[in-house]
Amino acid sequence: MGRTGAALLPALLALLAACQPADLVRVPAPDSAIAQLVDGSSGDDWPAFGRTYGEQHYSPLTEIDAATVGELGLAWSYDLAPNENSATGPIEVGGVVFFASGYSHVHAIDAVTGKLLWEYDPGAAEAAGRRLRQGWGSRGVAWWDGKVYTGTQDGRLIAIDARTGKPVWSVMTLEEGDYRFISGAPRVFDGKVIIGHGGADAAATRGYVTAYDAETGRQLWRFHTVPGNPADGFESEAQAMAARTWSGEWWKHGGGGTVWNAITYDADLDRVYIGTGNGAPWDYRIRSDGKGDNLFLSSIVALDADTGKYAWHYQTNPGESWDYNASMDIELAELPIGGKPRKVLMTAPKNGFFYVIDRADGKLISAEKYVPVTWATGIDLKTGRPIEAEGLRATDRPFTMAPGTFGAHSWMPMAFSPQTSLVYIPAILSSTVFDPTVIDPATWQRPPDNVLDGGIAASFPLDNQPSSALVAIDPLTQKQRWRIETPGFVGGGVLATGGGLVFQGHVDGTFNAFDAATGRKVWSFDAGTAIIGPPISYRAGGRQYVTVLSGLGTSSAYLGPMLAKYNLTPGRQKRRVLTFAIGGKARLPVEAGVPLEISGEGLEAPDPVGEAAGFPIYAQRCAVCHGMRAVAVGPAPDLRASMAVRSDEAFTAVLRDGILASRGMPQFDELSATQREQVRRYILAMARADRTDAGARAE
C-alpha cells in the first residue's frame, strides 16, 4: 500500500465502522466486571443488582463527596415510554447502563452520552395471560460474561447478548396454569443464574428457586421452600423435615413461601441465601390448622450453591399470618464481633426487626426494632424466636398490629457502608387493624381468579397516617446513629458511597444526598416526579456517575391519595433515566404536575347498590394496579378519566375480550356481565366524586 493509501486508511476504517449495523460495533464488557462481583474494590462497574455478590449497594468511588457534591449536576436524561414501570434497579458494565422498564423491556444506554444503543422487548405482556394480573413488571436485571439476564411476567428467564441486544437463550421457569410470575432481578454467580417467582397472594402456590447454567440455560437444581403433598414423596430430607412443621392439608392451598426478591451469593462459603415470602393463604388457621412453624415461610435459607442442598435456616416469623415476609434484601459483611472478625448477613424484613445472623451456621447474633413494633416485645437471643405479644393469636376480636401489612421495609434495598460501618434502611412506619373474625376457617374457599388473597383474616384500613424514614443503624450495637423523616410512607432504594454520602429518591419528586455519618442533607435535585428505585454509581470515561430511574411502579398503586400534597401526578408525568456527574449541566424540560381532567360526560346516574357491589370486586382485582378509589399513580391509567369506562361495550371489550393485553391490561373473562357492570358503576362513582370539569365546579 502506498503512502496515500496508508494515510487514508484510518479515515476509511472509520467510514466502514460508521456504515456497519450498530449491533456490530458494540464494545464487549471487560472481564474485570466478573472480578468486581467478588470484591468490588475498583468500583468501576455496577454489574449486579447490589453491585457485588454481597449486595451491599455500596460504591467505593470517592470523586463525589461532601466537598464536591455541591457541583453535582445532571449529565443526561433519557425519557422512557409512558405507562411503563420504572421502579427498577439499573446495572452498568463497561460504560453501558442496562435496565428493564415495564414488562422486562430491556435497554442498553451509553453511560457517558445517554444514547440508546439497543432495546429488547420480550413481549411479556402479551404472553403473560392471567399472570399479568399482579402486574409488577421488572425490578432489575443481571449481567455475566457478556450477557444480560432478565425474568419476565410470564415466567421466562432470558439471556441477552450485551453487545447486540439479541436473545441468546430462553427457558420457562414456571409451571403452567397458575399465577406465578417473575418481578425480581435474577442473580448470577460462578457461571450460574438463579431466579425465583412471586404469586403466593393470588393462588395455590408452592414457592421455589431454580439455578440455571448461565451459558446455556440448562437447569442445574431447584429448591422448594415449602413441602409438597407427602403422598408424592419429598424431594429431599429438608422437605421431609419442613413437613413436620405443617398440619392439615396445606399442599392443597400451596403453602406460599415464594422467593420473589432476596437472593444473595456468598463467595466465601459458596452458598446462596434466599429470603422467603408469606404463607398462602395468609391465615394460619386455614393453611395449617393453626399449628406448627410452617417452614420455610418467612425465613432466611442457606443453600449449597453447587447443588441447592439445604444448609441451614433462620425463621423470622414462625407460623406467619400477617404477610411479614422475609423477602427484603440480604447483605453480607464481616464485622468485629466479640473481638474477632465474623462473617454475617444482615436483613431488615417486613416485621420491623433488623437482624444480624452468622453466615456459617445461621445463629442469631442480634435483632432489634428499627420502627415501632407491637406484634412482639423482642427476639429471644437464645432460641432466635420472637416473643409474641400477648393475645396476638386471639381469634375472637380485632387487633392493631405494627408494622402494618405494607411492612416496615419493602423491596427497595437498604445499603451497608464498610466506610462508616452503618446500615441505611428505607423504613415504613404504619399499622393495620387485623380482624380474624371475618373468616371462618372451616368454610373458607379461595375466591376464584382473584388477585389478592381472600384468606387474609385482616382488614386493611390504617389506623394512622403511615410515614417513612431513612434510618442509619450500627449493626454492632443495634443503635440508631441517625434518623430522618422522608416524604410519604415509602422511601426509595438506598446507595452508599466511599465519598461519605447516602443517596435516596423520594416520592415528593426529589433525589437527595445525605452525609453518611450524620444524616444531614447536602444536595437535592428536583426530578419532577417520584423516585423509589435504587440508585447506582460507577466510573465511565474517567468520571464517577450516579444513575437512578424516576417514576413509580405498579406496586405503588396505593400511594395515590397520599401524593396530592406534593403537587405531582406521577401517572401522567415523564419517567426517565437520570444520570449525574460533577459539573453536569443538562436540564430537564419544565414539566409541572399535569392536572387530571375528569369529565362529567357519560358518568350516568348514581347506582348505590351496583356501586357497593362493585367495590369488593374492584378491590380484589383492580386496585393492585389502578389504585385505591381508582386514583392511579403507577403505570396503569387513572380509570376515573377513562372514556372506556363510560361505555359498557368498550368496558366489556377490555375486561372480557382482553383487547388491551399487549399494553399490560389483563383479561378478566371470568366476570359475569353483572359483575362487570358493578365494577364499572363503582369506577363511575369515583369519577363522579372527583369531577374537575365546569359542571362539577358549578355544583
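Of all the listed residues (V590, V631), the sole one being closer than 23 Å to G102 by Cα and modelled with pLDDT under 85 is V631.
The one condition from (1) farther than 30 Å from S59 by Cβ; (2) of a type outside the set (A, V, I, L, M); (3) crowded, with 24+ Cβ neighbours inside 10 Å that W251 does not meet is (3).
If you go through segment 655-692 and keep only what is out of contact with any helix residue (DSSP H, G or I) (no Cβ under 7 Å at 6 or more places or on another chain), at pLDDT below 85 and surrounded by 17 or more Cβ atoms within 10 Å (Cβ to Cβ), you end up with just R691.
Only one of the listed residues (G256, G207) is without any contact (Cβ under 8 Å) to a residue 60 or more places away in the chain, buried (at least 24 other Cβ atoms within 10 Å of the Cβ) and either aliphatic (A, V, I, L, M) or closer than 22 Å to R139 by Cα (or both). That residue is G256. Looking only at segment 113-129, decide whether some residue is surrounded by 20 or more Cβ atoms within 10 Å (Cβ to Cβ) and of a type in the set (V, I, T). No, every residue in segment 113-129 fails to be surrounded by 20 or more Cβ atoms within 10 Å (Cβ to Cβ) and of a type in the set (V, I, T). Being under 30 Å from D178 (Cα atoms), touching an Asp or Glu at 6+ places or on another chain (Cβ under 9 Å) and either modelled with pLDDT of 90 or more or in a strand (DSSP E or B) (or both) is the requirement here; does P413 meet it? Yes: the conditions hold for P413.
Table: residues versus (1) hydroxyl-bearing (S, T, Y); (2) over 23 Å from the mean Cα position of the chain (by Cα); (3) at pLDDT 85 or above.
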residue: T405; (1), (2), (3): yes, no, no
residue: T437; (1), (2), (3): yes, yes, yes
residue: P448; (1), (2), (3): no, yes, no
residue: G455; (1), (2), (3): no, yes, no
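Meeting the requirement of 1 or more residues that are over 24 Å from Y424 (Cβ atoms), the strands (runs of 3 or more DSSP E) wholly within segment 297-368 are 299-304, 310-315, 340-347. Note on segment 207-227: residues that are touching a Gly at 6+ places or on another chain (Cβ under 8 Å) and in a loop (DSSP other than H, G, I, E, B) total 6. When D232, D213 are checked against the criterion of being assigned by TED's automatic domain parsing to the domain that holds V193, touching a residue at least 12 places away in the same chain (Cβ under 8 Å) and among the acidic types (D, E), a single residue qualifies: D213.
Just need a number here: residues in segment 95-127 that are in contact with a helix residue (DSSP H, G or I) (Cβ under 9 Å, 6 or more places away or on another chain) and either within 23 Å of I532 (Cβ to Cβ) or at pLDDT 95 or above (or both). Even if it seems obvious, please write down each step before you answer.
So the first thing to find is which residues in segment 95-127 are in contact with a helix residue (DSSP H, G or I) (Cβ under 9 Å, 6 or more places away or on another chain), and the list is 102-105, 117-118, 123-126.
Within this subset, residues satisfying the condition of being either within 23 Å of I532 (Cβ to Cβ) or at pLDDT 95 or above (or both) are 102-105, 117-118, 124-125.
So the count comes out to 8.
Residues in segment 509-523 that are surrounded by fewer than 22 Cβ atoms within 10 Å (Cβ to Cβ) and farther than 14 Å from P535 by Cβ: D515, A517, T518, G519, R520, K521, V522.
Okay, residues lined up against (1) in the same structural domain as V259 (by TED's automatic domain parsing); (2) over 24 Å from I195 (Cα atoms); (3) crowded, with 24+ Cβ neighbours inside 10 Å:
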| site | (1), (2), (3) |
| --- | --- |
| N325 | yes, no, yes |
| I330 | yes, no, yes |
| G338 | yes, yes, no |
| K343 | yes, yes, no |
| K350 | yes, no, yes |
| A360 | yes, no, no |
| L364 | yes, yes, no |
| P372 | yes, yes, no |
| P398 | yes, yes, no |
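Candidates G70, G54, G50: the one that is at pLDDT 95 or above, over 15 Å from L549 (Cα atoms) and surrounded by fewer than 17 Cβ atoms within 10 Å (Cβ to Cβ) is G70. Within the option set G584, G500, G509, G542, being at pLDDT below 95 and of a type outside the set (S, T, N, Q) holds for one residue only, G509.
Suppose the filter is surrounded by fewer than 24 Cβ atoms within 10 Å (Cβ to Cβ), among the small types (G, A, S), in contact with a strand residue (DSSP E or B) (Cβ under 8 Å, 6 or more places away or on another chain) and within 30 Å of R543 (Cα to Cα); does G165 pass it? Against the criterion (surrounded by fewer than 24 Cβ atoms within 10 Å (Cβ to Cβ), among the small types (G, A, S), in contact with a strand residue (DSSP E or B) (Cβ under 8 Å, 6 or more places away or on another chain) and within 30 Å of R543 (Cα to Cα)), G165 qualifies. Within segment 375-403, being hydroxyl-bearing (S, T, Y) and at pLDDT 95 or above holds for T377, T383.
Quick check: anything in segment 388-401 under 17 Å from F354 (Cβ atoms) and not aliphatic (A, V, I, L, M)? The answer is no, given that none of the residues of segment 388-401 is under 17 Å from F354 (Cβ atoms) and not aliphatic (A, V, I, L, M). Can you tell me which residues in segment 290-310 are on the phi < 0 side of the Ramachandran plot and crowded, with 19+ Cβ neighbours inside 10 Å? Within segment 290-310, D293, L295, F296, L297, S299, I300, V301, A302, L303, A305 meet the criteria.
Being buried (at least 23 other Cβ atoms within 10 Å of the Cβ), modelled with pLDDT of 95 or more, assigned by TED's automatic domain parsing to the domain that holds V423 and under 24 Å from the mean Cα position of the chain (by Cα) is a property that G89 has.
Go through segment 374-394 and give me each residue that's in a loop (DSSP other than H, G, I, E, B) and loosely packed, with under 14 Cβ neighbours inside 10 Å. Break it down into steps so the answer makes sense when it comes.
Residues of segment 374-394 in a loop (DSSP other than H, G, I, E, B): 374-375, 380-385, 389-394.
Of everything in segment 374-394, those that are in a loop (DSSP other than H, G, I, E, B) and loosely packed, with under 14 Cβ neighbours inside 10 Å turn out to be D380, L381, K382, T383, E390, G391, A394.
Within segment 222-231, is there a residue that is surrounded by 18 or more Cβ atoms within 10 Å (Cβ to Cβ), hydrophobic (A, V, I, L, M, F, W, C), under 30 Å from D283 (Cβ atoms) and at pLDDT below 95? No, there is no match, as no residue in segment 222-231 is surrounded by 18 or more Cβ atoms within 10 Å (Cβ to Cβ), hydrophobic (A, V, I, L, M, F, W, C), under 30 Å from D283 (Cβ atoms) and at pLDDT below 95.
The values are calculated or read from the model by the stated rules, or taken from the named source; none is laboratory data. All figures in this text were calculated on a predicted structure; none of them were measured in a lab. Cβ: placed from backbone, ideal geometry, glycine included. Neighbour counts: every protein chain shown.
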